[in-house]
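Contents: one structure, followed by commentary.
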Amino acid sequence: MYEFRGEGWQVSAQSHGPMLLALYVRDLAGIEHRGAPEIAPLAPLVKPRAAAEVPECRTAELRQEWQDWWHRILHGGPEVEAMFAPPGFPYFADSPTLQRLLRAHYGSALSWSRDRLAEYNQISSEHHASGRRRLLEEMIAERALELERDPRSMHLKLLELPLAERRAWFVDPDTVILSQDLSRDAGLYRSFLEPVIRFLL
């Protein structure tokens, strides 16, 4: 995890275990991600091996169950961590198709997610050691110098995930999901995050 603080404001960057699990299940089951934000496929790509387990008549139901789950993860609180209670997954009693998939594939999803979290720790350290994190700090300093008032209080949360597209998705005014490789392209990184910093600060 990375944090950068100033007078009344804070920026943090980290990965997100429940999101990784949800996106793994999405890609494993070949669920079409509709609605905003439409997050890119994971990288490395997850083959849709579970698609055959879901009858054609249940695909729309599964997509809606998954969308509801994703919405709760995006906007939920501490209960997000309590969603996963194998082997029964009682939290998903109202989402029977999704519950069945979790029962069948939770082990592989958890293993995959833990591997990605371990990789993220290395990538985040590399971003810091290479100076890529300084670009974010520079954008904030530049904005603070432009202001003719005190900076607003803010906590910008960057959720960095292993996604197949180098881009960012705006979730809430203060939350951005982005590819964990986005900062390797300084111009692209600035183009996505500078407008958010200008708006919030």
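The values are calculated or read from the model by the stated rules, or taken from the named source; none is laboratory data. These figures come from a predicted structure and were not determined experimentally. Every residue, glycine as well, gets a Cβ built from its backbone with ideal geometry; the counts of neighbours run over all protein chains shown.
Are any of the residues in the range 180-201 out of contact with any helix residue (DSSP H, G or I) (no Cβ under 7 Å at 6 or more places or on another chain), of a type in the set (S, T, Y) and not in a helix (DSSP H, G or I)?
No: zero hits.
Would you say E81 is in a loop (DSSP other than H, G, I, E, B), surrounded by fewer than 11 Cβ atoms within 10 Å (Cβ to Cβ), charged (D, E, K, R) and under 19 Å from the mean Cα position of the chain (by Cα)? Write out each step before concluding.
Numbers: in a loop (DSSP other than H, G, I, E, B): no; surrounded by fewer than 11 Cβ atoms within 10 Å (Cβ to Cβ): yes; charged (D, E, K, R): yes; under 19 Å from the mean Cα position of the chain (by Cα): yes.
Judged against the criteria, E81 is not a match.
Checking E148 against (1) within 23 Å of F4 (Cα to Cα); (2) part of a helix (DSSP H, G or I); (3) free of Cβ contacts under 8 Å to residues at least 12 places away in the same chain, which single condition isn't satisfied?
Going through the list (1) within 23 Å of F4 (Cα to Cα); (2) part of a helix (DSSP H, G or I); (3) free of Cβ contacts under 8 Å to residues at least 12 places away in the same chain, E148 breaks only (2).
Considering only residues that are of a type in the set (G, A, S), out of contact with any Ser or Thr (no Cβ under 9 Å at 6 or more places or on another chain) and touching a residue at least 60 places away in the same chain (Cβ under 8 Å), which ones fall in the range 114-145?
A144
Could you pull out the residue among R5, R49, R34 that is more than 28 Å from A82 (Cβ to Cβ) and either surrounded by fewer than 15 Cβ atoms within 10 Å (Cβ to Cβ) or in contact with a helix residue (DSSP H, G or I) (Cβ under 8 Å, 6 or more places away or on another chain) (or both)? So that I can check it myself, show each step before the final result.
Values: R49 fails: more than 28 Å from A82 (Cβ to Cβ); R34 fails: more than 28 Å from A82 (Cβ to Cβ).
Testing whether each residue is more than 28 Å from A82 (Cβ to Cβ) and either surrounded by fewer than 15 Cβ atoms within 10 Å (Cβ to Cβ) or in contact with a helix residue (DSSP H, G or I) (Cβ under 8 Å, 6 or more places away or on another chain) (or both) leaves just R5.
Condition check: charged (D, E, K, R), within 30 Å of V46 (Cα to Cα) and in contact (Cβ under 8 Å) with a residue 24 or more places away in the chain. Does E194 satisfy that? Talk me through it step by step, then tell me what you get.
Numbers: charged (D, E, K, R): yes; within 30 Å of V46 (Cα to Cα): no; in contact (Cβ under 8 Å) with a residue 24 or more places away in the chain: yes.
The answer is no for E194.
Got a number for residues in the range 4-27 being in contact with a strand residue (DSSP E or B) (Cβ under 9 Å, 6 or more places away or on another chain) and over 14 Å from L159 (Cβ atoms)? Full working, then the answer.
Of the range 4-27, the ones in contact with a strand residue (DSSP E or B) (Cβ under 9 Å, 6 or more places away or on another chain) are 4-5, 8-16, 19-20, 23-24, 26-27.
From what's left, over 14 Å from L159 (Cβ atoms): 4-5, 8-10, 24, 26-27.
Number satisfying all stated conditions: 8.
Which of the following residues is surrounded by fewer than 14 Cβ atoms within 10 Å (Cβ to Cβ), of a type in the set (S, T, N, Q) and more than 18 Å from Q10 (Cβ to Cβ): S130, S179, S153?
Working: S179 fails: surrounded by fewer than 14 Cβ atoms within 10 Å (Cβ to Cβ); S153 fails: more than 18 Å from Q10 (Cβ to Cβ).
The match here is S130.
In the range 54-66, which residue that is in a helix (DSSP H, G or I) and touching a helix residue (DSSP H, G or I) at 6+ places or on another chain (Cβ under 7 Å) is modelled with the lowest pLDDT? Let's see the steps before the verdict.
First pass over the range 54-66, keeping only residues in a helix (DSSP H, G or I): 56-66.
Within this subset, residues satisfying the condition of being touching a helix residue (DSSP H, G or I) at 6+ places or on another chain (Cβ under 7 Å) are 58, 61-62, 65-66.
Values: R58: 82, E61: 92, L62: 93, E65: 94, W66: 94.
By that ranking, first place goes to R58.
Name the pairs: first residue in the range 77-104 and farther than 19 Å from R63 by Cβ, second residue among the aromatic types (F, W, Y), Cβ to Cβ under 6 Å, at least 6 apart or on different chains?
Note: pairs meeting the criteria are P86/Y106.
For the range 170-191, which residues satisfy the criterion of being modelled with pLDDT under 95 and touching a strand residue (DSSP E or B) at 6+ places or on another chain (Cβ under 7 Å)?
F170, V171, D174, T175
Cβ-Cβ under 7 Å, sequence separation 6+ or interchain: first residue in the range 13-27 and under 23 Å from H127 (Cα atoms) and modelled with pLDDT of 95 or more, partner part of a loop (DSSP other than H, G, I, E, B) and not hydrophobic (A, V, I, L, M, F, W, C). Which pairs?
Note: no pairs meet the criteria.
Going through the range 1-51 one residue at a time, which ones are of a type in the set (S, T, Y) and part of a loop (DSSP other than H, G, I, E, B)?
Taking the range 1-51 first, the residues of a type in the set (S, T, Y) are 2, 12, 15, 24.
Correct list: S15 only.
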